[in-house]
Amino acid sequence: MDGRYVVRSATKDEWEDAMALAWRSFKKFVADDYTDVGVKEFYDFISDNGIYKMFLIGEYRLWVAELDGEIVGMISVRAKRHISLLFVDEKHMRKGIGRDLIYAASEYMLENGETYATVNASPYGVNFYHAVGFKDTREEYVDSGMRITPMRWDFKQ
């Protein structure tokens with residue numbers, strides 16, 4: 001490749017690498033804002049075989065950003081409109097990868113008749129989601145040790 005990343009649907013063989021990226025990024029940028037219970041809750045979520053099985057049958061969607069054979073970003077969507085995970089490798093932040101992952105997921109949502117996307121943003125992600133166009137639907141609160149700000153992005157029709 002020429003240093004340009006590609007955003008595409010993930011294959012089943014990429015699941016573990018994508019979740020490893022999520023865990024590394026979470027520990028570096030998000031975990032300090034969560035309680036120990038929240039960190040365990042997050043780890044249990046990304047380690048759950050249930051979401052992997054949902055991914056295999058197409059109920060939990062995953063896209064990756066790939067650069068030179070390496071996964072440098074990932075986004076997942078559940079319930080056809082909720083962004084469940086979005087992480088970009090630290091070395092590749094601020095290059096448009098997160099935004100391109102959001103757009104790939106939103107194309108899928110639009111194709112499935114959705115008119116908006118939702119996310120529960122961590123404190124670290126709030127400014128990014130605002131920059132993309134998400135608006136808070138509620139003030140930050142703590143759920144299972146995780147600080148989250150619910151947000152919504154209405155697609156332009």
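Worth pointing out:
- Meets criteria (more than 17 Å from Asp100 (Cβ to Cβ) and under 15 Å from the mean Cα position of the chain (by Cα)) for Ile57: no
- The residue of segment 32-58 that is surrounded by the most Cβ atoms within 10 Å (Cβ to Cβ), among those that are without any contact (Cβ under 8 Å) to a residue 12 or more places away in the chain and more than 18 Å from Thr11 (Cβ to Cβ), is Phe45.
- Residue ranges of strands (runs of 3 or more DSSP E) in segment 97-157 with at least 3 members more than 14 Å from the chain's Cα centre (by Cα) and either surrounded by 15 or more Cβ atoms within 10 Å (Cβ to Cβ) or at positive phi (or both): 146-154
- Residue within segment 70-86 that is acidic (Asp, Glu) and either within 26 Å of Phe155 (Cβ to Cβ) or not in a strand (DSSP E or B) (or both) present: no
- Of the numbered criteria (1) over 19 Å from Pro123 (Cα atoms); (2) in contact with a helix residue (DSSP H, G or I) (Cβ under 6 Å, 6 or more places away or on another chain); (3) free of Cβ contacts under 8 Å to residues at least 60 places away in the same chain, the one Met109 fails is (2).
- Subset tally (residues that are out of contact with any Phe, Trp or Tyr (no Cβ under 7 Å at 6 or more places or on another chain), within 26 Å of Lys91 (Cβ to Cβ) and hydrophobic (A, V, I, L, M, F, W, C)) for segment 46-79: 3
- Total residues in segment 130-157, condition in contact (Cβ under 8 Å) with a residue 24 or more places away in the chain and of a type outside the set (A, V, I, L, M, F, W, C): 8
Computed from the coordinates by the stated procedures, all read-outs in this text should not be read as laboratory data. Computed from a predicted structure; not experimentally measured. Backbone-built Cβ (ideal geometry, glycine too); neighbour counts: all protein chains shown.
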